[in-house]
């Protein structure tokens, strides 16, 4: 069968034609937020190798929201935020003014969600040449805060960008009161739920994680854009040490996403017609064969369980249905890897066999490559584009994840020319209603009586364990959320050394929180 020709690609088919990844310097003299995006943007434009000036043809500049600009996150940092319209600031840095300026909401799903939107707008003729960029300069930001250096980063060019994405809070007030707030305190809850569902001991579960994430670190060690270019053995990842302290049981530091980085990336997306007009070589073209986005039941206490993701499962089905491809057609993956449980659940829901030898990351993963906030998937798409350019005709699948395995988006890509009418972003509105309606109505806020532990974690400071978060079941079948009594260090240490899943005890509602005391 003859190879498909790029000449058969319809004019309004969206095409990714440029990409970049940027690794900034560390410490006080590292880049600021505007600089780190501007450098990546110029590199992505250059990567297109257009014969004509692409910058002058931009009609859309879109940016992923920064961690320091997350509403209600940390007033100390948000008060220092000085970029009210980053898309326009970037336009000014490039010397252009565009009619469409987009700034997403917070969430690691945002890059793929945004790319889906840009591709649909190109398909519909609303856009012809778009920039998508994001990153973090948190290492510089934190270094300057700690040193007391002046924070004079600001640029107010006027205007207000279009907002894209959900602005819904990350959980209920009751959940947050019990510690369901920082991802490092929540993803370990998924870990112990996974272990329980698989019937594995804590040791067996840790061996699985060590083997899984050691492979990720190997990829990062060989990636010039990685924040940490260090291979970690399975034992090094699992064993608690002064360099690898326990964070949220059972996860050590080497299992946690690293957000304090100076990293950015940028993508250029055009219509096929515009790519031809600009003289962009076809060797640069990458097509999105399928895109989908869905949310799981929003509050984790309302989910059927904490070891699955119906949203990832349905997104995967939608992407393969739209593309006409199968899982066996995929050569390259990048599974969102903020924590091991995110990878384990995505792998299972997408249907990747346990014994599959294909690499699950092209970057090296968020704990090793680096996790530039909500923008990581801009980097993974850029990395995937280069992988696919070097492996002509192959397919690459990646997933994006926001909040607590809450907001999801998947994309399937290839250099293989897309023929026919492009309409590859799945309409998942009916599926979303089905997921929303599946919420578990058995959760109670004020819990009193006997119960058992469904899953749990113990949160550790640098010095010692500080509190436990427990999700359990009362004898009447109702689910509850609780902490342990403050200051009970002996119990917290016991919970990290002894098997506590399904352990029975008493829960009591005290001073606006539930307190669980195991037998």
Open item on the list: So, residue 30, is that one assigned by TED's automatic domain parsing to the domain that holds residue 417, in a loop (DSSP other than H, G, I, E, B) and buried (at least 19 other Cβ atoms within 10 Å of the Cβ) or not?
Closed with: yes
Open item on the list: Considering only the range 258-275, I want to know if a residue exists there that is touching a residue at least 12 places away in the same chain (Cβ under 8 Å), more than 28 Å from residue 224 (Cβ to Cβ) and surrounded by fewer than 21 Cβ atoms within 10 Å (Cβ to Cβ).
Closed with: yes
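Okay, residues lined up against (1) within 24 Å of residue 427 (Cα to Cα); (2) crowded, with 20+ Cβ neighbours inside 10 Å; (3) under 15 Å from the mean Cα position of the chain (by Cα):
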position	(1), (2), (3)
296	yes, yes, yes
302	no, no, no
329	yes, no, no
341	no, yes, yes
350	yes, yes, no
Open item on the list: Any residue at all in the range 481-494 that's farther than 20 Å from residue 191 by Cβ, out of contact with any helix residue (DSSP H, G or I) (no Cβ under 9 Å at 6 or more places or on another chain) and touching a residue at least 40 places away in the same chain (Cβ under 8 Å)?
Closed with: no
Task: Hits in the range 465-485 - residues which are in contact with a strand residue (DSSP E or B) (Cβ under 7 Å, 6 or more places away or on another chain) and either loosely packed, with under 13 Cβ neighbours inside 10 Å or at positive phi (or both) - done: 475
Open item on the list: Quick test of your reading of the structure: residue 297 fulfils all but one of (1) in contact with a helix residue (DSSP H, G or I) (Cβ under 7 Å, 6 or more places away or on another chain); (2) not in a loop (DSSP other than H, G, I, E, B). Name the failing condition by number.
Closed with: (2)
Open item on the list: Looking only at the range 48-57, how many residues end up being farther than 12 Å from residue 131 by Cβ and either touching a strand residue (DSSP E or B) at 6+ places or on another chain (Cβ under 6 Å) or touching a residue at least 12 places away in the same chain (Cβ under 8 Å) (or both)?
Closed with: 5
Task: Among the candidates 128, 92, 109, 116, residue that is buried (at least 19 other Cβ atoms within 10 Å of the Cβ), over 26 Å from the mean Cα position of the chain (by Cα) and modelled with pLDDT of 95 or more - done: 128
- [ ] Considering every residue within the range 276-287, establish whether at least one is in contact (Cβ under 8 Å) with a residue 40 or more places away in the chain and touching a helix residue (DSSP H, G or I) at 6+ places or on another chain (Cβ under 6 Å).
- [x] yes
- [ ] Out of 44, 40, 130, report the one residue that is under 28 Å from residue 420 (Cα atoms), touching a strand residue (DSSP E or B) at 6+ places or on another chain (Cβ under 7 Å), in contact (Cβ under 8 Å) with a residue 40 or more places away in the chain and part of a helix (DSSP H, G or I).
- [x] 44
- [ ] Take residue 513 and decide whether it is crowded, with 16+ Cβ neighbours inside 10 Å and more than 25 Å from residue 343 (Cα to Cα).
- [x] yes
TODO: Just name the residue that is modelled with the highest pLDDT out of those in the range 352-371 that are more than 20 Å from residue 315 (Cβ to Cβ) and surrounded by fewer than 24 Cβ atoms within 10 Å (Cβ to Cβ).
DONE: 359
Open item on the list: What's the number of the only condition in (1) outside any loop (DSSP other than H, G, I, E, B); (2) at pLDDT 95 or above; (3) under 22 Å from residue 402 (Cα atoms) that residue 77 fails to meet?
Closed with: (2)
TODO: Give the residues of the range 438-453 that are surrounded by fewer than 20 Cβ atoms within 10 Å (Cβ to Cβ) and either at pLDDT below 95 or in a strand (DSSP E or B) (or both), sorted by residue number.
DONE: 438, 439, 440, 441, 442, 449, 450, 452
Open item on the list: Against the conditions (1) within 23 Å of residue 225 (Cα to Cα); (2) within 24 Å of the chain's Cα centre (by Cα); (3) surrounded by fewer than 20 Cβ atoms within 10 Å (Cβ to Cβ), where does residue 412 fall short? Just the number, please.
Closed with: (3)
TODO: Mind counting the residues in the range 93-122 that are farther than 30 Å from residue 257 by Cα and touching a strand residue (DSSP E or B) at 6+ places or on another chain (Cβ under 6 Å)?
DONE: 4
Task: The one condition in (1) at pLDDT 95 or above; (2) surrounded by fewer than 17 Cβ atoms within 10 Å (Cβ to Cβ); (3) part of a helix (DSSP H, G or I) that residue 121 fails to fulfil - done: (2)
- [ ] Kindly check whether there is at least one residue in the range 206-223 that is touching a strand residue (DSSP E or B) at 6+ places or on another chain (Cβ under 7 Å) and more than 19 Å from residue 189 (Cα to Cα).
- [x] no
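The values are calculated or read from the model by the stated rules, or taken from the named source; none is laboratory data. These numbers were taken from a predicted model, which means no experiment stands behind them. Glycine also receives a Cβ, built like all others from the backbone with ideal geometry; neighbour counts cover every protein chain displayed.
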